[in-house]
Amino acid sequence: MSDCQEIGRNNDFASSCISSGIDFRNQHMSQVNQQKTKVMIVDDHPIVREGYSRLIEHQDDLQVCGEADSKVDAIRKIMENPPDLIIVDISLKDGSGLELIKDVKAQFSQIKMLTVSMHDETLFAERSLRAGALGYVNKQQAPEQLIKAIYQVLKGKVYLSAAVTERMICRSIGSDNYSDQSPIESLSDRELEVFEQIGEGETTRSIAQKLNLSSKTVETYRENIKHKLNLENATALTRHAIQWVLEKK
């Protein structure tokens, strides 16, 4: 997805958050003087962070304690002022939000996490849960769903859309409705991240720099991806990755 298209869709969601004025105060306040729950927002688009912040601050028992646009910045701010919950986008300035979720889970196990992204939930919702998040909200959903998801995750409960929940249940019981798995789903989180970067036109060197990996490691991922997707060569890999990225837009 181009930066302009992604920013446009993100801006639509952020504007909806800002204008919605959702108020769940009477539903969720247990004590007038209770300490507010701290929420950190990790997203690489400033206008999206502003939209989330206004929506969250409208709740009497929630407060935004920090914002970040990258994994490195997020970890630093978590250490300075640990939140109770983190909202994480899949795409960050310095890589994948999935990697941040894994790091937070390993280092700060008490912090709950909620993924909010424009990416395909059928591909990323389950990955987010495996990484350590408790919920996934697509940015195409109404803003009130974000607030509902926040309170659900703060209770330690999983929040997913009905469609994803049904898909996961059917796959777990071997239902024929969801027996056909896309080859893309066989990729690991890191392989999928590299595959997407290839589709965005990034070179091996630029992918290595962005993901803080060696070029040799990126080449290994490329070979693994070709094998799993049954692609003959680098040209076929690039063509397939570009097509996949375009279809996601």
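A few comments on the model shown:
- Some residue of segment 138-147 being more than 30 Å from Ser109 (Cβ to Cβ), surrounded by 12 or more Cβ atoms within 10 Å (Cβ to Cβ) and of a type in the set (Val, Ile, Thr): no
- Filter result for Val245 (in contact (Cβ under 8 Å) with a residue 60 or more places away in the chain, out of contact with any His (no Cβ under 9 Å at 6 or more places or on another chain), surrounded by 12 or more Cβ atoms within 10 Å (Cβ to Cβ) and in a helix (DSSP H, G or I)): yes
- Verdict on Ser215 being small (Gly, Ala, Ser), within 19 Å of the chain's Cα centre (by Cα) and surrounded by fewer than 21 Cβ atoms within 10 Å (Cβ to Cβ): no
- Of the helices (runs of 4 or more DSSP H) lying entirely inside segment 55-161, those containing at least 3 residues that are closer than 23 Å to Leu192 by Cα, of a type in the set (D, E, K, R) and outside the structural domain of Leu211 (by TED's automatic domain parsing) span 97-107, 121-131.
- Residues of segment 211-249 satisfying the condition of being among the aliphatic types (A, V, I, L, M) and either more than 18 Å from Arg190 (Cβ to Cβ) or in contact with a strand residue (DSSP E or B) (Cβ under 8 Å, 6 or more places away or on another chain) (or both): Leu211, Ala234, Ala236, Ile242, Leu246
- Which listed residue is under 13 Å from the mean Cα position of the chain (by Cα) and touching a residue at least 24 places away in the same chain (Cβ under 8 Å), from Leu85, Leu98, Leu55: Leu98
The values are calculated or read from the model by the stated rules, or taken from the named source; none is laboratory data. Quick caveat, the model's predicted, so the values are computed rather than measured. All Cβ positions, even for glycine, are placed from backbone atoms using ideal geometry, and neighbour counts span all protein chains on display.
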